[in-house]
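Below is one structure; the comments refer to it alone.
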Amino acid sequence: MQTSKIKLLPDHIANQIAAGEVVQRPASVVKELLENALDAGASEIKLIVKDGGKTLIQVIDNGTGMNPIDARMSLERHATSKIATADDLFAIQTKGFRGEALASIVAVSHLELKTRTETEELGTLIKAEGSKIIVQEPVSTPKGTVISVKNLFYNIPARRKFLKSVQVEMKHVNDEFLRVALAHPEISFSLIHNGNIVYQLPVANTLQRINAIFGGKMKNKLIPIEEQTPYIKITGYIGRPDSAKLKRGEQFFFVNKRFIKSPYLHHALMSAYEGLIREKSYPPYFIFLEIDPQHIDINIHPTKTEVKFDDEPTVYSILKVAAKHSLGQFNLSPSIDFDRKPDLEIPYHQTKSSPKLPSIEVDPDFNPFEVDFSNSKDFSIGHFEKKTAFFDTMMNETEEISSGIKDTENSLLGFKGIENITGFQFLNKYIVSPFQEKLLIIHQQRAHEFILFHKFLENNSSLNHNGQTLTFPIELEFQKKEIDLLKTLETKLENAGFKLEFGEDIVLVTAIPSLQSKMNIPEFFEDLLHKLNLNAPTEIQPEEQIALLLAKKGAIKTGQKLEQNSVDVLLKDLFNFESFMFTPDNKKIVYSLTDPEIQNQLNK
Ligand code: ADP
Ligand code: MG
């Protein structure tokens with residue numbers, strides 16, 4: 001008998017898989033529920049969470065509500081009242097449209113839905129557990145909808161375990177809440193966490209809403225930005241140059257009232273500040289772009305925080321010009337009255353027609369971690385006299401081993417002052433170089449690790465201020481005790497080229513060491529904390545651990561092709577050391593052949 005191998009996944013499994021895409025953490029649920037409340041036309045939205053949303057996320061709205069059939073349908077996959085045909089996809093005015101949020105959420109939680117439309121007398125109560133409806137019955141409830149999501153990921157222990165501390169999860173919930181609240185000042189919002197009111201935001205205009213959220217001082221830091229062209233409309237507020245801070249956090253772009261992340265637009269805005277603010281500092285901004293939905297694609301990201309414009313350079317250019325104009329106005333009359341209603345501001349109409357491309361070239365693929373190795377200038381290092389306990393131990397062992405095995409290798413010590421160094425790369429793996437009476441075969445990766453290790457260990461030379469400031473600082477989450485440990489290492493990390501800013505359970509990395517190879521920063525910190533936890537501090541000094549890890553991560557790799565000048569610099573740097581036989585973790589760097597050895601082989 002033949003059986004078919006392909007089976008349709010049962011719905012509840014399909015939903016669980018899809019949930020992985022939509023629901024990453026409590027904050028994702030918050031975002032979807034708030035957006036549904038907005039789409040339902042609510043004028044008042046209340047968000048109640050417990051334990052950062054891990055225990056409860058509840059959204060109460062006074063929107064349209066649902067009749068019993070829609071209520072039941074809303075939990076099904078691809079159930080949406082918002083689009084009916086594929087064409088509708090190109091004219092979306094609502095936040096949601098995929099019809100998968102509720103289906104995904106109910107698949108991984110205990111969900112309770114209470115809802116009533118205006119015309120019904122009794123509303124509907126539905127209780128569901130992991131996609132299974134347990135209760136559906138009439139209930140007396142105000143017009144609108146209450147959705148409660150309890151025990152997120154109760155049925156996926158691996159994901160539940162992956163959730164961060166209450167504090168961290170709450171920060172994400174808070175962020176999502178603010179993004180929605182900022183874009184909708186005409187709606188009143190409140191946020192309650194573990195019984196405490198975090199925000200109570202009455203109906204307001206945009207500036208008042210910003211102030212209600214960030215405190216009264218914010219309004220003195222902002223200037224209005226406004227521009228309208230047939231393609232796009234820009235409104236909002238940007239920081240005065242003196243409001244720029246080294247830390248990011250109050251930077252918001254919205255497209256059609258939807259929060260988006262856009263390094264590209266950020267760059268456009270920052271370029272308008274060029275020369276006005278300290279490099280790598282960030283003014284606050286709250287920028288609202290309005291554009292015909294036909295010109296954007298919000299479908300590219302499952303959680304919809306990225307938007308693709310059909311004409312990106314134009315958006316870039318208009319934003320930059322508008323910001324320059326605002327800043328120029330501010331310069332002319334810094335005492336501008338910011339309490340004036342924004343509608344009374346004289347609009348700026350210079351770029352009604354199609355704008356020219358700005359002269360700045362932007363590379364949206366620019367990755368600060370990828371440094372071109374062919375630029376071997378940074379590759380050069382100076383002399384290193386300083387030796388640490390770790391290094392001494394390593395060298396003692398080295399000498400013991402070498403003297404025990406081969407006399408010739410001892411004479412590799414003391415290469416200082418060599419002028420004509422030559423070598424060539426072999427198999428993209430070794431560097432072959434004649435030296436005095438010997439032929440050296442050098443393991444390129446280990447040699448470079450060795451060089452970098454000492455470079456990072458050297459903590460009082462100018463070399464150590466060669467950190468590379470990041471255009472987009474990296475935010476890393478840690479537990480409290482990890483943060484404490486990192487704080488104790490701050491100067492050591494700074495000496496290596498890092499710059500860090502500490503939050504309660506967040507570290508902002510604003511600069512990283514300049515390295516030839518790309519480095520995964522989150523991984524570096526994870527590895528560092530891991531290593532420091534494993535080793536008693538007396539065994540390997542933390543600064544040595546940092547240097548070692550950076551050397552390992554930053555070194556050129558086996559298999560990497562080197563330019564001739566890189567080969568030369570590598571040899572020169574290596575030969576500057578009195579001894580360079582072994583890497584810090586005790587791997588052999590050099591294999592040498594003497595004439596007698598070669599003869600011996602040839603005469604066999
Ligand atoms: P989408 O928002 O993409 O349509 P959802 O899964 O988020 O998909 O919601 C499914 C449907 O449930 C919505 O299209 C809407 O009709 C209904 N719905 C969800 N939340 C609410 C709410 N708070 N008030 C009224 N209707 C809602
Ligand atoms: Mg939705």
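Every Cα-Cα pair in segment 206-329 was counted, and those over 17 Å apart are 54% of them.
Rounded to two decimals, what is Rg over Rh for segment 97-235 when you use alpha-carbon atoms and the Kirkwood radius? Before the final figure, lay out the partial values.
Numbers: Rg = 19.5 Å, Rh = 18.4 Å.
Checking Rg against Rh, the ratio lands at 1.06.
In which sequence would Phe426, Phe259 go, from the one with the fewest C-beta neighbours within 10 Å to the one with the most?
Working: Phe426 12, Phe259 18.
With the sparsest Cβ surroundings first, the list reads Phe426, Phe259.
Short-range pairs are left out: with C-alpha atoms under 8 Å and at least six residues apart, the relative contact order of segment 162-291 is 23 percent. On the beta carbon distance between Val203 and Ile474, with R0 = 45 Å, the FRET formula returns roughly 0.75.
Applying a threshold of 29 Å to the alpha-carbon distances of Lys171/Lys481; Lys161/Lys308; Lys31/Lys499 flags Lys161/Lys308; Lys31/Lys499 as lying beyond it.
Every read-out reported here was derived from the displayed coordinates using simple, explicitly stated rules and does not represent laboratory data. Remember, predicted model here, so these are calculated numbers, not experimental data. Every residue, glycine among them, receives a Cβ derived from its backbone with ideal geometry; neighbour counts consider all protein chains shown.
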